[in-house]
Amino acid sequence: MRIIYKLEEMTETARGWLAGGAVGFVPTMGYLHQGHIALIEAARQECEISVVSIFVNQMQFDRHESFTQYPRNMARDLQLLNKAHVDVLFLPRAEEIYPPNFSTYVAPSGSVAERLEGVTSPAYIRGVSTIITKLFQLVRPDIVYFGQKDAQQVAVVRQLIRDLNIDVNLRVVPTVRESDGLAMSSQSHLLSPAERKAARIVYRALLAGKTLVEKHERRPSAIEKAMADLVATEPLVQLDYAAVCHPDTMNELDDVRPRCMLAIAARIGSIRLIDNFVWQEKGRWQM
Ligand code: PAF
């Protein structure tokens with residue numbers, strides 16, 4: 001695996017991509033888990049060249065402590081990436097990504113940016129949009145891979161690709177779960193055993209929402225309340241939101257119908273957990 005640190009080297013390398021075939025790109029903040037590996041496998045299956053970036057993007061954190069506490073383990077990440085046969089690892093340095101007097105941001109507007117995460121973590125949408133746009137410029141991938149767990153991130157990136165005419169295809173890979181249903185995330189490793197046990201409530205609440213839909217409950221408020229009430233039974237978990245919305249716009253829905261998303265965000269101490277199920281056409285669930 002080749003490791004690229006300098007932006008100039010990344011740009012030079014990307015200029016030569018055309019000859020090598022399609023480039024599949026997996027942007028990450030490191031502390032890799034099986035969810036990332038699923039994205040890498042999808043990229044390797046579809047593309048001749050696989051590129052992974054690791055950059056803990058301070059701009060997308062609301063609190064400085066969340067950024068400093070974000071888990072990091074480069075030795076382990078390198079092992080996993082080598083084992084996954086990644087071709088290129090892009091490891092830019094913060095000083096180069098955000099040089100002094102950096103002042104140009106990508107700030108989406110509208111419901112996709114302003115609802116859910118836009119309310120609870122305002123820095124997140126602008127931070128993700130800005131870094132992803134920069135990474136697209138530097139890496140110049142043909143296809144980019146994101147996980148369904150971060151559904152609002154997916155919706156924001158889809159909109160920014162469309163609005164800024166970025167020449168990249170977006171693939172969304174299903175959420176990878178632990179055996180008890182918890183969606184894999186870098187942060188969940190920081191939970192204590194008691195907190196880890198409590199975290200299962202998020203998946204259970206989504207299952208409860210799904211069951212209600214399957215029993216023909218069509219009022220979003222009833223499903224939101226049922227999910228919120230279940231999360232509230234777990235004292236270690238604080239709910240940020242339990243929402244029924246459209247998966248592309250994050251807009252509220254008048255009634256529950258296929259192409260609707262059940263989404264939950266909750267906190268356990270300083271660890272944030274997000275997860276979602278999407279009810280698709282023909283009664284299938286993406287979960
Ligand atoms: O999902 C993540 O790990 C981050 O939000 C991303 C997409 C790498 C941008 O920093």
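The helix-only estimate of mean residue ellipticity at 222 nm for the chain, built from DSSP H runs of length n ≥ 4 each weighted as -39500 (n - 2.57), is -11500 deg cm²/dmol after division by the residue total.
Using a ≥ b ≥ c from the Cα gyration tensor of the stretch 99-244 (square roots of the eigenvalues), is it rounded, prolate or oblate, where a/c under 1.5 gives rounded and otherwise the larger of a/b and b/c decides, a/b for prolate? Prolate. Distances between placed amide hydrogens fall under 5 Å for Met29 paired with Phe55, all partners being 5 or more residues away or on another chain. Computed over protein heavy atoms with a 1.4 Å probe, the accessible surface of the chain works out to 47 Å² per residue. Spin-label model, Ala19/Ser109: points 7 Å from Cα along the beta carbon direction are separated by 4.5 nm. Over all other residues within a Cβ to Cβ distance under 10 Å of Ala242, the charged ones net out to -2, with Lys and Arg as +1 and Asp and Glu as -1.
Between the exposed loop cleavage positions of the chain, defined as trypsin sites (Lys or Arg not before Pro) in a non-H, G, I, E, B DSSP state with at most 12 neighbouring beta-carbon atoms within 10 angstrom, the longest gap is 94-214. Using θ = phi - 60° in the Karplus curve 6.51 cos²θ - 1.76 cosθ + 1.60, the 3J(HN,Hα) couplings for the stretch 66-72 round to 4, 5, 5, 7, 4, x, 9 Hz; x is entered for Gly and Pro. Here the spin labels are modelled as points 7 Å beyond Cα on the Cα-Cβ line, and at Asn169 and Ala75 they lie 4.0 nm apart. For the stretch 1-43, the calculated P(r), taken from all Cα-Cα distances in 10 Å bins from zero up to the bin holding the longest distance, is 21, 48, 29, 1 percent. Charged neighbours of Asp142, selected by a Cβ distance under 13 Å, balance to -1 (K, R count +1; D, E count -1). Model label sites at Asn251 and Glu12, defined 7 Å from Cα along the beta-carbon direction, differ in position by 4.9 nm.
May I ask for log10 I(q)/I(0) of the stretch 1-142 at q = 0.22 Å⁻¹, from a Debye sum over the Cα atoms as equal point scatterers with solvent left out? The computed values of log10 I(q)/I(0) come out as -1.44. Structural size metrics of the chain, computed from C-alpha coordinates, are Rg and Dmax of 19.0, 57 Å. Between His33 and Ser221, the FRET efficiency from the beta-carbon distance, with R0 = 30 Å, is close to 0.30. The accessible surface of the chain, taken with every protein chain in place and a 1.4 Å probe, is 49 percent carbon and sulfur. The residues packed around Arg2, meaning those with a beta-carbon under 10 Å from its beta-carbon, carry a net charge of -2 if Lys and Arg are +1 and Asp and Glu are -1.
The values are calculated or read from the model by the stated rules, or taken from the named source; none is laboratory data. In this text, all values refer to a predicted model and were calculated from it rather than measured experimentally. Don't worry about glycine lacking a Cβ; one is built from the backbone with ideal geometry, like all the others, and counts go over all protein chains shown. Surface accessibility is based on the protein's heavy atoms, side chains included, excluding ligands, DNA and RNA. Shrake-Rupley method; radii C 1.70, N 1.55, O 1.52, S 1.80 Å.
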